[in-house]
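All remarks here apply to the structure that follows.
The values are calculated or read from the model by the stated rules, or taken from the named source; none is laboratory data. Everything quoted here is computed from the prediction, not taken from an experiment. All Cβ positions, even for glycine, are placed from backbone atoms using ideal geometry, and neighbour counts span all protein chains on display. Heavy atoms of the whole protein, side chains included, go into the accessibility calculation; ligands, DNA and RNA do not. Shrake-Rupley method; radii C 1.70, N 1.55, O 1.52, S 1.80 Å.
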Amino acid sequence: MMIQPHRYTSGRIALANLSTSIDGLERERAAGGSSESLLTLAKLLFLRGDVLGRIADHDRGESIAAEAIDMSPDCARALYVRAQVAGRFHCFAEAKVLLAQALVAGYSRQEIEGERAALLQATGHYNEALVLRERLAKRNPRIDTLASLATLLAEMDQWGRAETYYAAALDADDGVSPFPCGQLLFEWGVSSMRRGDLDQAEAVFAALDAVLPAHVPGRGHRAEVAFARGKLDLAESLVTPLLQASDDPEYRALYAEILAARGDGRSARQAELAGEAYERLLARQPEAYADHAAAFFLGIGNRPKRALELALVNLRVRDTPRSRKLLARASAAEQTTLAREFAV
């Protein structure tokens, strides 16, 4: 994987420019911005939230998108953005209906097919998603279409083909923004982790760090890789800054795991704080956070019954191999707990 980081705009400058654009659009909104400018603002907030691991930006993006949609609820772009927002927060049935409405209203069929493929992939309909992903990549072989196809193939355990398309996606990138490349590398690294190839995952996340050093989820997953390899000092040095940079409890949960592995008594309090944060998120958007929260309560959160409840919610929303595996683990953990209680 050969990437020349200097071919892209500096990650620091790109993020500063992104925030400047957001600030400008916020001022425009305060002065009575148009529906189009509000939809653009929402899109940029989602992007910054993804890069910096800021749930607050996601929430703000959702609120601004709703505001824009209220101004022109039946226009094609508004319907499409509503579908995107619904899909982002795992309301997949609602997203499917909205995409159909956006198509009737005249929105781009190609963009709708891309979003429909994402919904099919998220809900475990891999073969149907593959038809769309391959068609989009063949019709328009850009970094986003090729990377999306690669990530789907990785989920389908077609790793050889996935690697080919990840590399092709990098080659197809003719822009200077680090954000598309950063998203590709993040997905590639996560796919490598799920496959169990920690060496590959570390290499990909290192490349992401060179292109976009402030990418919080990438840094967090790199810390996970270090932790899995027993490199506790490195893992802790990577994750500690994220506790202040991000409001996502995933990083505090990992920090608690690292402390526990060291035998550090502070682990219990950190796990408690992460659990409280997950419950606050679940109270607002249970479908969106059920999978991560279930994994947390199955592990350092140490509440198998809660993990099982959330794993069931997650499976109802998205019946995928990963969701079924999570449910099986949660069921086994709850059975073990019940057996111990019965024995006592």
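Please determine whether any residue of the range 127-143 is touching a Lys or Arg at 6+ places or on another chain (Cβ under 8 Å) and either outside any helix (DSSP H, G or I) or among the charged types (D, E, K, R) (or both). Reasoning before the result, please.
At the first step, the residues of the range 127-143 found to be touching a Lys or Arg at 6+ places or on another chain (Cβ under 8 Å) are 132.
Then keep just the ones that are either outside any helix (DSSP H, G or I) or among the charged types (D, E, K, R) (or both); that gives none.
No, the range 127-143 contains no residue that is touching a Lys or Arg at 6+ places or on another chain (Cβ under 8 Å) and either outside any helix (DSSP H, G or I) or among the charged types (D, E, K, R) (or both).
In a residue-by-residue description of the range 153-166, the property of being outside any helix (DSSP H, G or I), within 30 Å of SER35 (Cα to Cα), open to solvent by 20 Å² or more (accessible area, probe 1.4 Å) and not basic (Lys, Arg) applies to no position. Close contacts from the range 10-33, counting a first residue that is farther than 28 Å from ALA210 by Cα and open to solvent by 80 Å² or more (accessible area, probe 1.4 Å) and a second that is part of a helix (DSSP H, G or I) and small (Gly, Ala, Ser), with Cβ to Cβ under 6 Å and a gap of 6+ residues or different chains, come to GLU28/SER37. Here ALA256, ALA268, ALA223 are screened, and the one residue that is under 20 Å from the mean Cα position of the chain (by Cα), among the small types (Gly, Ala, Ser) and assigned to a helix (DSSP H, G or I) is ALA223. Beta carbons closer than 6 Å, at least 6 apart along the sequence or on distinct chains, pair a first residue in the range 130-144 that is closer than 17 Å to SER108 by Cβ with a second that is surrounded by 15 or more Cβ atoms within 10 Å (Cβ to Cβ) and hydrophobic (A, V, I, L, M, F, W, C) for LEU132/ALA117; ARG133/ALA117; ARG133/LEU149; ARG133/LEU152; ALA137/LEU146; ALA137/LEU149; ARG142/ALA172.
Taking the range 89-102, which residues are open to solvent by 50 Å² or more (accessible area, probe 1.4 Å), more than 20 Å from LEU282 (Cα to Cα) and either in a loop (DSSP other than H, G, I, E, B) or of a type in the set (A, V, I, L, M, F, W, C) (or both)?
Residues of the range 89-102 open to solvent by 50 Å² or more (accessible area, probe 1.4 Å): 93-94, 96-97, 101.
If we keep only those that are more than 20 Å from LEU282 (Cα to Cα) too, we end up with 96-97, 101.
Answer for the range 89-102, where residues must be open to solvent by 50 Å² or more (accessible area, probe 1.4 Å), more than 20 Å from LEU282 (Cα to Cα) and either in a loop (DSSP other than H, G, I, E, B) or of a type in the set (A, V, I, L, M, F, W, C) (or both): just VAL97.
Residue selection: ARG109 fails the criterion of being modelled with pLDDT of 95 or more and over 18 Å from the mean Cα position of the chain (by Cα).
Sort out which residues of the range 103-123 are within 21 Å of GLU287 (Cβ to Cβ) and open to solvent by less than 50 Å² (accessible area, probe 1.4 Å), and write them in order of number.
Our first condition is that a residue be within 21 Å of GLU287 (Cβ to Cβ); within the range 103-123, this holds for 115-123.
GLU115, ALA117, ALA118, LEU119, LEU120, GLN121, ALA122, THR123 - these are the residues of the range 103-123 that are within 21 Å of GLU287 (Cβ to Cβ) and open to solvent by less than 50 Å² (accessible area, probe 1.4 Å).
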